[in-house]
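Working notes, structure below.
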Amino acid sequence: MKLRKICFIAVLTVLSLSALAYGENLRVTGDPVELTSGEPYLMQPLWSPRGDRLAAAGENYQGLWTIPRQGGEPQQVCDGLGAGFLPAWDPDGGRIACRVSRMENQRKQSTIAVYDVDRNTATELTEYVKEVGLPRWIESGGGLFYLQDGKPRTVQAPGTAKSEPAGEDIIVTVQNDAIAVQRPPWEQPEILKPVEDRILWAELSPDGERIAFEVIGAQLYVVGLDGADLVELGRGERPRWSPDGQWITYMITEDDGYRMLASDIYAIGRDASGKTALTESIDRLEMNPHWSPDGATIACDTRGEGVILLIPVEIE
């Protein structure tokens, strides 16, 4: 145990020096806080743009819930199949768009739905079809972008006036194991393939200039929107940007091929410096981090427990 402590101190020293070289130091300012109790089982937290609440999936992504930032009873938004898998808050933070599925004659059919969590209303925007992608809000147009049968589609969100999207609107998705950059008029995407490996996950930075992405084998990278300036971040999964676009939080997991053995949350500078461990527990599997809009808190879930945690952080 003493040897482990000495090694841990040495690692922290190296990480701290690296962070100082980056020009900013990120640190955890307190113990993680349990926002929920595990009943109901919740996972994959997603901050509202307002920062006043989080959305979270039910177990196995069944259903969607919201949780006040200050704690309190989670409120169920819907109980649809798959509704909790990577939903999208609208820019104002009052509505959530998601893909909802149902079984018909032993076949899964899906639609795009929008839930107004302020007014407690729900609207299905598309027919139930076999293949529909995850919806993403068009920032300036009041509508939603999604893929159907691999083709770009848009649909107007309820309660919003139709307007033309601005030229700076950019939506990043993963298509055919590559990064697809979509711009108005949402026709043919620009395909980026900065590495040979299959790309599993991609997220655009808040300033719209860089993309953090994950490839098969759990390796992370950052690349410019034009496909240049590739930076390897090292091992990790599910990268999420900080609000200022300078840091990325992610998870590192360990398994034996059958079950998850360990998982912790990390942060790293977008230039691959300042790597910092945000959790180092041996009895919990912290996963799926997401940064709050004010940059002061990272939410994550705990596999097997269904508890949502809040990790207080500070960038100095």
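Checked across segment 276-288, the condition of being surrounded by fewer than 19 Cβ atoms within 10 Å (Cβ to Cβ) and closer than 18 Å to L26 by Cα holds for at least one residue. Across segment 107-133, the number of residues qualifying as of a type in the set (A, V, I, L, M, F, W, C) and touching a Phe, Trp or Tyr at 6+ places or on another chain (Cβ under 7 Å) comes to 3. Residues in segment 148-170 that are of a type in the set (D, E) and either surrounded by 15 or more Cβ atoms within 10 Å (Cβ to Cβ) or modelled with pLDDT under 80 (or both): E164, E168, D169.
Considering only residues in segment 232-241 that are of a type outside the set (G, A, S) and surrounded by fewer than 17 Cβ atoms within 10 Å (Cβ to Cβ), the one that is farthest from D255 (Cα to Cα) turns out to be E232. Restricting attention to segment 253-275, and to residues there that are surrounded by fewer than 19 Cβ atoms within 10 Å (Cβ to Cβ) and in contact with a strand residue (DSSP E or B) (Cβ under 8 Å, 6 or more places away or on another chain), which single residue is nearest to G208 (Cα to Cα)? The residue in question is D271.
Residues in segment 66-93 that are over 16 Å from W137 (Cβ atoms) and under 16 Å from the mean Cα position of the chain (by Cα): T66, G82, A83, G84, F85. C300 fulfils the conditions (1) in a strand (DSSP E or B); (2) surrounded by fewer than 20 Cβ atoms within 10 Å (Cβ to Cβ) except for a single criterion, (2). Give the residue that is surrounded by the fewest Cβ atoms within 10 Å (Cβ to Cβ), with candidates limited to residues of segment 34-85 that are more than 22 Å from G133 (Cβ to Cβ) and of a type in the set (S, T, Y). Ranking the candidates gives S37 first. Of the residues making up segment 86-139, those that are of a type in the set (D, E, K, R), surrounded by fewer than 17 Cβ atoms within 10 Å (Cβ to Cβ) and under 23 Å from E203 (Cβ atoms) are D92, E131, E139. Apart from one condition, E24 fits all of (1) touching a Phe, Trp or Tyr at 6+ places or on another chain (Cβ under 9 Å); (2) over 28 Å from R270 (Cα atoms); (3) not in a strand (DSSP E or B); the exception is (2). Checked against (1) modelled with pLDDT under 95; (2) within 19 Å of P45 (Cα to Cα), T297 passes all but condition (1).
Among the candidates I199, I248, which residue alone is in contact (Cβ under 8 Å) with a residue 24 or more places away in the chain, under 17 Å from the mean Cα position of the chain (by Cα) and either surrounded by fewer than 18 Cβ atoms within 10 Å (Cβ to Cβ) or over 25 Å from A277 (Cβ atoms) (or both)? It would help to see each step written out before you state the result.
Numbers: I248 fails: either surrounded by fewer than 18 Cβ atoms within 10 Å (Cβ to Cβ) or over 25 Å from A277 (Cβ atoms) (or both).
The conditions single out I199.
In segment 217-229, the count of residues that are surrounded by 18 or more Cβ atoms within 10 Å (Cβ to Cβ) and of a type in the set (S, T, N, Q) is zero. Segment 67-154 holds strands (runs of 3 or more DSSP E) entirely within its bounds, and those carrying 3 or more residues that are in contact with a Gly (Cβ under 8 Å, 6 or more places away or on another chain) map to 75-78, 95-104, 107-116, 143-148.
The values are calculated or read from the model by the stated rules, or taken from the named source; none is laboratory data. Because the structure is predicted, anything quoted here is derived from the model rather than measured. Virtual Cβ from ideal backbone geometry, glycine too; neighbours counted across all protein chains shown.
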